[in-house]
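Engineer: Structure provided below as structure tokens; questions to follow.
The values are calculated or read from the model by the stated rules, or taken from the named source; none is laboratory data. If you're wondering where the values come from, they're calculated on a predicted model, not measured in any experiment. Heads up, the Cβs are rebuilt from the backbone with ideal geometry, glycines too, and the neighbour counts pull from every protein chain shown. The accessibility values were calculated without ligands, DNA or RNA, using every heavy atom of the protein model including side chains. Shrake-Rupley method; radii C 1.70, N 1.55, O 1.52, S 1.80 Å.
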Amino acid sequence: MEGGEALDLATHLRLDLKGHARLRGTVVHAWCEEVEWLDGDAFDEAFLIHRARKEAPGLDHHRLREWLAEYRLWMEADPIREALSRGAYPPGARVERELPFIHRLPDGILQGYIDRLVLLEEEGRVVAAEVLDFKTDQIDESDAQALEDRIAHYRPQIDAYRAAVAGRYGLEKEQVTGKLLFLRLGLVREV
């Protein structure tokens with residue numbers, strides 16, 4: 001769904017990313033998948049290295065340490081830490097990670113995985129939800145238009161996730177918010 005109606009096949013198939021760029025995104029997403037709440041320290045180094053080795057068994061140890069140091073730095077950014085903290089949500093909020101979904105559309109079926117979904121419940125019933133999607137895009141911090149272009153690129157994806165969540169839990173689409181977490185930049189943007 002990224003990019004809306006226009007489909008760049010090379011980007012969709014991740015052919016635009018060469019070697020380590022693709023692998024790095026996979027490893028970082030695996031680390032993010034393990035985060036339930038980021039109120040304390042994330043995970044110890046041994047656990048993160050073990051998790052990375054499952055995704056990238058032959059990865060050079062030096063490169064892995066480099067990625068791990070960057071990941072820890074990214075997760076320390078206040079906007080990222082806040083978005084992943086229990087304190088940002090009402091009591092009783094719960095997290096689903098890498099949530100698979102199937103959603104019927106007027107012209108077909110949409111299937112995918114939501115990186116992170118926070119469900120807000122009252123009396124055992126989901127009353128609102130928030131979709132969070134991790135992005136490791138390399139964007140020039142000084143280029144505001146480039147960031148807006150990436151947000152616009154990802155908007156159809158987040159909108160589709162919101163619709164799927166609304167359908168799954170019997171919510172109105174307005175009861176489901178969506179956020180992009182640009183990890184490298186330490187930015188969170190509502191979509």
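Engineer: Counting only other residues whose beta carbon sits under 15 Å from that of residue 145, what net charge do I get with K and R as +1, D and E as -1?
Structural biologist: -4
Engineer: Okay, moving on. In whole percent, how big is the carbon plus sulfur part of the accessible area of the chain, probe 1.4 Å, protein atoms only? Please list the in-between numbers first.
Structural biologist: Numbers: 5230 of 10660 Å².
Reported share for carbon and sulfur atoms: 49 percent.
Engineer: When the Karplus curve 6.51 cos²θ - 1.76 cosθ + 1.60 is applied with θ = phi - 60°, which whole-Hz ³J(HN,Hα) does each residue of segment 105-122 get, with x for Gly and Pro?
Structural biologist: Once θ is set to phi - 60°, the couplings for segment 105-122 become 10, x, 10, x, 10, 9, 10, x, 9, 9, 3, 8, 10, 9, 9, 9, 10, 9 Hz.
Engineer: What number comes out for accessible area per residue over the chain if the probe is 1.4 Å? Units Å², please.
Structural biologist: That works out to 56 Å² for each residue.
Engineer: Amide H neighbours of residue 187 under 5 Å, counting only residues 5+ apart in sequence or on other chains, H built in-plane at 1.01 Å?
Structural biologist: HN-HN under 5 Å from residue 187: 182.
Engineer: Among 123, 148, 34, which one shows the biggest mean-square fluctuation in a GNM of the chain, springs joining Cα atoms closer than 10 Å?
Structural biologist: Highest fluctuation among the options: 123.
Engineer: Right, something else. What does the charge count near residue 85 come to, summing +1 for each Lys or Arg and -1 for each Asp or Glu among other residues with Cβ under 11 Å from its Cβ? Walk me through the intermediate numbers first.
Structural biologist: Numbers: positive: 81, 86; negative: 36, 39, 78, 82.
After counting each charged neighbour, the total is -2.
Engineer: I would also like to ask the following. What nm distance separates the two modelled labels at residue 86 and residue 39, each placed 7 Å from Cα along Cα→Cβ?
Structural biologist: With each label point 7 Å from Cα toward Cβ, the separation is 0.3 nm.
Engineer: Taking only Cα atoms and a 10 Å spring cutoff, compute GNM fluctuations for the chain and point out the largest among 73, 181, 38.
Structural biologist: Maximum fluctuation in the GNM of the chain, among the listed residues, is at 73.
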